[in-house]
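Take a look at the structure set out below.
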Amino acid sequence: MSKNIVIIGTGYVGLVTGACFAKVGNTITFVDIDKEKIDMINKGVVPFYEPGLDNLLSSYRGKINATVDYKVIKDNDITFVCVGTPSKDDGSIDLIHVKQAVENIGGILKEINRWHHVVIKSTVLPGTTEKILLPILEKKSGKNATMDFGLSMNPEFLREGTAVYDFLNADRIVIGANDERSADELVNLYKSFSLKIFKTSITTAEMIKYASNAFLATKISFVNEIGNMCKKLGIDAYEVADGMGLDKRIGRAFLDSGIGWGGSCFPKDLDALISWAKMIGEEHRIISSVVEVNKRQPLKMIDLLKKHVPNLNGKTIGVLGLAFKPNTDDIRGSRAVPVVNQLLKEKAVVKAFDPKAMENFKKMFLQIKYCSSAEEALDSDAVLVLTKWEEFKKLDFTGKIVIDGRRLLEAKKTARIYEGVCW
Ligand code: NAD
C-alpha cells in the first residue's frame, strides 16, 4: 500500500530516497531549512549534480512537493530524517542538524493523535537513536516511543555519482527497529524494490553503517599501501588486484589503488568512529592507520611530479579533476584539496578543470585559475589527473608530462612522460 512520506533534508540521500519512493507509488513531501533548495525542487530542478535524479524528479513531479514547514508531518504516515551529520573540528560527529530535525518532529508529534513513524536515515553512531534522539522525541511530543509513535534506523549505502542506481539496486536494506510495527512498516515500504532485507536492532543498524564504511576505506588504504610497494618494484598494482580479487574471500571491488578515498562520508565517518572509540575506551589502531595512509597517499602525486619537475616554483601545473569522484560536483574530502594545497605551498601556478565541480572548488580556492576546457588545462608544464572523468579519456596528451592518480591509461598512450601513482 502506498504511503505519504516526509523526507527531512534534501541532500544526496534525502532527494534520492524521496524520488525513488515516489517512483514506486508513494507521495513525497520534502522538508529542508534551505528555502532556495526547496524552491528549486518545486520547480523540478535538482540543486546538485547527480546523474538520473533530474529525470526521476520530473517524471514523478505529480507525487512530489517541497516545503520549509515541518507541519506537513501532520498529514503524513512516515518521516525520514536525512539531514547531514558532519564532523566537528576535533573529528567527533556533529549532531546539531539531526537533533534540530528531531526536535521539530517531536513538536509536531505532540499535535497529532495517531501513530506516526520516524525513521533515522542520517548516519549516526551506535546508541545515538535510542539514547539521544528518542529522548528528544519523547520530551518534545510528550508521547511514548513504540506505543504512540514508531522509531527505526535505516542506514543508507548509496554512492554519489550512481546514487539512484544504488538506491534501486541496493545489495541490502538494513532495517533497525526495536518494535515489530516499525520493522513491518519499513519492510512493506521497501517491498516494491524487491531487495534483500536485513532486520536488526536500532543500535546494530547504526553500527553496520560505520563498520561497512570503515571496511571499504580499509580495503582502499590497504591496496594503496600495496600499490606503493608495487610502484617501487615496477609491478602493476591493478594486475595484482585482479589476481587477488579472483579469491572469493577477497573480491575485486574496492581494490583499485590510486590517490585515496574522499567524499562526504568516509572521511567524516571514520573520524567519528575513531573519536567514539576513544570515548568508549576502545582501540582504533586499524581505522586510525587507514586514515593516516589516506592522508599521505595524494601527496605521492607531488613526489612523482617532482621527479620530472624538481622545482615547482613558478611552474604551471594543470589539474584534471576536482570532484572527489567522477559524475558528481561534490568536492567534500576530495583528494584534489591536499594536492592543490601542496602545489600552492610550493608556489606552482595551478590551472584546473573539472566538468562539474569548479563552482564548488572556487568556494575553497579562489587563487587558482579555472579553465573553460580540459584542453586549456593541458597547456601546462605538467598535468595531474585527479578524477577519472570519462571525457578525459579522449584528450590528446602528446608531448605532456602526465602524473596519473586515477589510472587514466589513455593518457599513457600519447604522453611524453607518464607516471601512474601505483602502476
Ligand atoms: P547533504 O549535506 O547533501 O544534505 C543535507 C541536507 O539537510 C541539506 O539540504 C540541509 O539544508 C538539510 N538540513 C540541515 N538541517 C536541517 C534541518 N534541521 N531540517 C531540515 N533540513 C535540514 O547530506 P547528504 O550527503 O545527503 O547526507 C545525509 C546523511 O546521509 C548524512 O548523515 C550522511 O552521512 C548520510 N549518507 C550520505 C551518503 C552520500 O553519499 N552523500 C551516503 C550514505 C549516507
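The values are calculated or read from the model by the stated rules, or taken from the named source; none is laboratory data. Since the structure is predicted, the reported quantities are computational estimates derived from the model, not experimental observations. Every residue, glycine as well, gets a Cβ built from its backbone with ideal geometry; the counts of neighbours run over all protein chains shown.
With of a type in the set (S, T, Y), touching a helix residue (DSSP H, G or I) at 6+ places or on another chain (Cβ under 6 Å) and under 30 Å from L255 (Cα atoms) as the only criterion, which of Y370, Y418 stands out? Full working, then the answer.
On the way: Y370 fails: under 30 Å from L255 (Cα atoms).
Residue meeting the stated conditions: Y418.
So in region 318-347, with the set limited to residues that are in a helix (DSSP H, G or I) and out of contact with any helix residue (DSSP H, G or I) (no Cβ under 9 Å at 6 or more places or on another chain), which one is farthest from Y165 (Cα to Cα)?
The residue in question is K345.
Working only within region 41-62, note down all residues that are buried (at least 17 other Cβ atoms within 10 Å of the Cβ) and outside any loop (DSSP other than H, G, I, E, B).
Within region 41-62, I41, L53, L56, L57 meet the criteria.
Out of the residues in region 142-172 that are within 13 Å of the ligand (Cβ to nearest atom) and aliphatic (A, V, I, L, M), state the one that is nearest to S192 (Cα to Cα).
Ranking the candidates gives A170 first.
Name the residues in region 77-98 that are surrounded by fewer than 20 Cβ atoms within 10 Å (Cβ to Cβ) and either over 21 Å from the mean Cα position of the chain (by Cα) or more than 11 Å from the ligand (Cβ to nearest atom) (or both), would you?
K88, D89, D90, G91, S92
Output yes when any residue across region 173-188 is under 30 Å from G251 (Cα atoms), outside the structural domain of F266 (by TED's automatic domain parsing) and away from the ligand (no atom under 16 Å from the Cβ), and no when none is. Write out each step before concluding.
Residues of region 173-188 that are under 30 Å from G251 (Cα atoms), as a first pass: 173-176, 187.
Narrowing further to those that are outside the structural domain of F266 (by TED's automatic domain parsing): 173-176, 187.
Filter once more, keeping what is away from the ligand (no atom under 16 Å from the Cβ): 187.
Among the residues of region 173-188, at least one is under 30 Å from G251 (Cα atoms), outside the structural domain of F266 (by TED's automatic domain parsing) and away from the ligand (no atom under 16 Å from the Cβ), which makes the answer yes.
Going residue by residue through region 29-42, is there one that turns out to be at pLDDT below 95 and closer than 25 Å to S182 by Cβ?
Checked against the condition, which is being at pLDDT below 95 and closer than 25 Å to S182 by Cβ, region 29-42 yields no hits at all.
Restricting to region 4-24, and then to whatever is near the ligand (Cβ under 7 Å from one of its atoms) and outside any helix (DSSP H, G or I), can you tell me which residue is surrounded by the most Cβ atoms within 10 Å (Cβ to Cβ)? Reasoning before the result, please.
Start the filter on region 4-24 by keeping residues that are near the ligand (Cβ under 7 Å from one of its atoms), which leaves 8-14.
Imposing the further condition that a residue be outside any helix (DSSP H, G or I) reduces the set to 8-11.
On the way: I8: 28, G9: 26, T10: 26, G11: 20.
My answer is I8.
Being in a loop (DSSP other than H, G, I, E, B), more than 16 Å from the ligand (Cβ to nearest atom), modelled with pLDDT of 95 or more and of a type in the set (F, W, Y) is true for just one of F365, F392. Which residue is that? First the steps, then the outcome.
On the way: F392 fails: in a loop (DSSP other than H, G, I, E, B).
One residue alone meets the criteria, F365.
Quick one: in region 191-212, which of the residues that are in contact (Cβ under 8 Å) with a residue 40 or more places away in the chain and not polar (S, T, N, Q) is nearest to N294 (Cα to Cα)?
This residue is Y210.
Give the number of residues within region 143-157 that are without any contact (Cβ under 8 Å) to a residue 40 or more places away in the chain and of a type in the set (S, T, N, Q).
2
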